[in-house]
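Working notes, beginning with the structure itself.
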Amino acid sequence: MSINGKPRGVKPVHKRASVRCAAAIISLTVVFSGGAVAANAADSTTLTDIVLGVGSDDSQRNLAWYSSTDTAQVAQVSLASKVVDGVFPATATSFTATGGLTTSNEYNRFVTVTGLKENTDYVYRVGSEGNWSATSKFRTQDFDGDFNFLFFGDPQIGSSGNVANDTAGWADTLNVATSAYPDAEMLFSAGDQVESANSEPQYEAFLSPNQLRQIPFVATNGNHDVGSKAYEQHFNTPNVDRTAGAGSATGSGGDYWFIHKDVLFMNINSNSRDFTSHIKWMTDVVAAHGAEAKWSMLAFHHSIYSPAVHATDTDAVDRRNNLPTTISNLGIDVVLQGHDHAYARSYLIRNGQKADAAEVAGADSVVPGPGGVLYVTANSSSGSKYYGLQNKPEFWWLSVQNQEQVRNYTALEVTDDAINIKTLRSQANGAMAVNSLVDQVTINKAPETDTQELQVTVPKADAGEFGWSIDGTNALVDLGTATESGDHYAAVGTLNPIRVTDTRVAGPEWSISAQVSDFTSGSTSFSGKYLGWTPTVVEAGGGAVAGAKVESGFEGGNGLSVSSTLGSAATGHARGSAKLGAGLDLQIPMDATDGTYKATVTLTALS
């Protein structure tokens, strides 16, 4: 579950010049819009800098805050529906906080809230009995399906020399963006949250907008953040590995990852140019979790394909020479970056080169082939600093670049088949109004040629009707709605035919085999062993013969959960072409939960 901010208490003047009020109010009032709510305060501990972060997956949220004293503290989380007359529920779940001394001689506290349910409103507070933070509210959404999130270029509070102005710009961008995208599920930073890594007044200003206690924040370690441990102490990042992209004794470091709605997000500390550790870490994460993801996104602060002054920096060239091939090989779809305080969108890039020579500048729709990656560099979200475009012909990677010295933000809308990336102005520029378009592009998923999806709908047990439909596309074999058949549900269908052509003179042996994954529907599943088949040669030729029948594993056996032969040809077969097919027989146990289930059939050719 999660947390939100509380009224900020007064700190010693030598620590921060802040606008905080003492927590000495007796009554408790919950403001679900995210405003501060007074809480009972019986001791002198001041709780500040509360930020709601992403967790490892959709069922978790990470919380972080600062405390003026080293006392035992918790985060309390409850269903919002349990709040009555503004009183925080006594039945709230408590999560014990961990933490320690910070660089500012305060104490940080981290909590991971677990067990969250989808589409649920929660309230939370942090602290201890007699000294609670204000109550905040957040909402979980569907744990699968389409979603959008917001990406912000370097806020860098304090960079202009005027913290108040930078904070106002940052807050206004958040207000504009979250008003335009009220269901945004993450606030994703490109890094450089502050100008000075050890400035607590700048961190206080950066963390002051209420949205940072309502919508999960994704932090990125920028070059203005890395010089102090404060970044690590303020942001509770999930699955962090401090040995990958490691920091120093006094500086922040580490790479981390999380999964949100079947999208794998990786975030690396690009301040470290220990490329060996970054590459091993990314490779290990993709090996462990890539199969769970329909898309993969990578974020780091220092743009390697930007349009402004940092594009030719020695360190930028070093990253550009070392990272892109791995990024392509790992199948990453989008890279989110900052640092250069100007907007850029790359062509699709494979292994450090333009993937398709025919791709035109500013294309509004692209389809990456294998290894094709789109790189986005965000402009300033606060207006604290801008860099001019260099307009150099050697910047071959730039499909779109923009610098108007007005604040921007980027909205990413993610579906199973596409990612729409839209960059908008958060302040007007002459005739170009707030939320007018700077650039947009849609990344369309390339069709897979070596897999097919199966779909079957299991009806409710008391349903007396059944339906049947066939999709007719190569991507989906719809087995329709299963019907009751004695002690199981039954569904049948036909595998989309596979054509095999072999014109080699020697006629070497070949075979086509297939294996099916588990059938899944949200968090429920049943084994792929319940699918059987009867292979056939739909069109004869080239000596092709059908594989053996495989019975459904309902009565016993492994069914198609293990690799089984669809068709083959012996050594010395005639040259020619054949079309292979199979009748599919799915027998589902009666205790399967109703829902629409999908599985993936993976085809393998051996010769």
Those residues of segment 566-603 that are part of a strand (DSSP E or B), among the hydroxyl-bearing types (Ser, Thr, Tyr) and open to solvent by 60 Å² or more (accessible area, probe 1.4 Å) come to a total of 2
Do you know which of the residues in segment 211-255 that are under 15 Å from ASP192 (Cα atoms) and hydroxyl-bearing (Ser, Thr, Tyr) is nearest to the chain's Cα centre (by Cα)?
THR220
Need a quick list: strands (runs of 3 or more DSSP E) entirely within segment 398-442 having at least 2 residues that are more than 22 Å from LEU187 (Cα to Cα) and open to solvent by less than 60 Å² (accessible area, probe 1.4 Å).
398-402
Residues in segment 341-349: is at least one in a helix (DSSP H, G or I) and closer than 21 Å to GLY369 by Cβ?
no
Has segment 243-259 got any residue that is among the acidic types (Asp, Glu) and touching a residue at least 60 places away in the same chain (Cβ under 8 Å)?
no
Give segment 248-270 a look and list any residue that's open to solvent by 40 Å² or more (accessible area, probe 1.4 Å) and more than 22 Å from LEU412 (Cα to Cα), or say none.
SER248, ALA249, THR250
Would you pick out the residues in segment 190-209 that are within 22 Å of the chain's Cα centre (by Cα) and either in a helix (DSSP H, G or I) or without any contact (Cβ under 8 Å) to a residue 60 or more places away in the chain (or both)?
GLN193
Taking segment 288-326 as the search range and keeping residues that are among the hydrophobic types (A, V, I, L, M, F, W, C) and part of a strand (DSSP E or B), which one is farthest from SER189 (Cα to Cα)?
TRP295
Where residues in segment 95-116 are aliphatic (A, V, I, L, M) and open to solvent by less than 10 Å² (accessible area, probe 1.4 Å), which of them is farthest from the chain's Cα centre (by Cα)?
VAL111
From the list GLU394, GLU413, exactly one residue is out of contact with any helix residue (DSSP H, G or I) (no Cβ under 7 Å at 6 or more places or on another chain) and farther than 23 Å from ALA293 by Cα. Which is it?
GLU394
Can we say THR167 is of a type in the set (Ser, Thr, Tyr), over 22 Å from THR48 (Cβ atoms), in a helix (DSSP H, G or I) and at pLDDT 95 or above?
no
Taking segment 133-157 on its own, how many of its residues are of a type outside the set (Asp, Glu) and crowded, with 24+ Cβ neighbours inside 10 Å?
13
Consider segment 340-365. How many of its residues are under 13 Å from VAL376 (Cα atoms) and among the basic types (Lys, Arg)?
1
Within segment 66-94, the residues that are touching a residue at least 24 places away in the same chain (Cβ under 8 Å), part of a strand (DSSP E or B) and open to solvent by 30 Å² or more (accessible area, probe 1.4 Å) are VAL74, LEU79, VAL87, THR93
Counted residues, segment 393-430 - those being under 15 Å from SER382 (Cα atoms), in contact (Cβ under 8 Å) with a residue 60 or more places away in the chain and among the polar types (S, T, N, Q)
6
For ASP340, all conditions in the list (1) within 30 Å of ASN162 (Cβ to Cβ); (2) of a type in the set (D, E, K, R); (3) surrounded by fewer than 24 Cβ atoms within 10 Å (Cβ to Cβ) hold save one; what is the number of the exception?
(3)
Of the conditions (1) of a type outside the set (Gly, Ala, Ser); (2) assigned to a strand (DSSP E or B); (3) within 29 Å of GLY522 (Cβ to Cβ), the single one that ARG125 does not satisfy is (3)
Can you tell me which of VAL492, VAL500, VAL505, VAL477 is under 30 Å from ASP58 (Cα atoms), in contact (Cβ under 8 Å) with a residue 60 or more places away in the chain and of a type in the set (A, V, I, L, M, F, W, C)?
VAL477
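The values are calculated or read from the model by the stated rules, or taken from the named source; none is laboratory data. Small disclaimer: the values here were computed from a predicted structure and weren't measured. Neighbour counts run over all protein chains shown; Cβ positions are idealised from the backbone, glycine included. Protein only, heavy atoms only, side chains kept; ligands, DNA and RNA dropped before computing areas. Shrake-Rupley method; radii C 1.70, N 1.55, O 1.52, S 1.80 Å.
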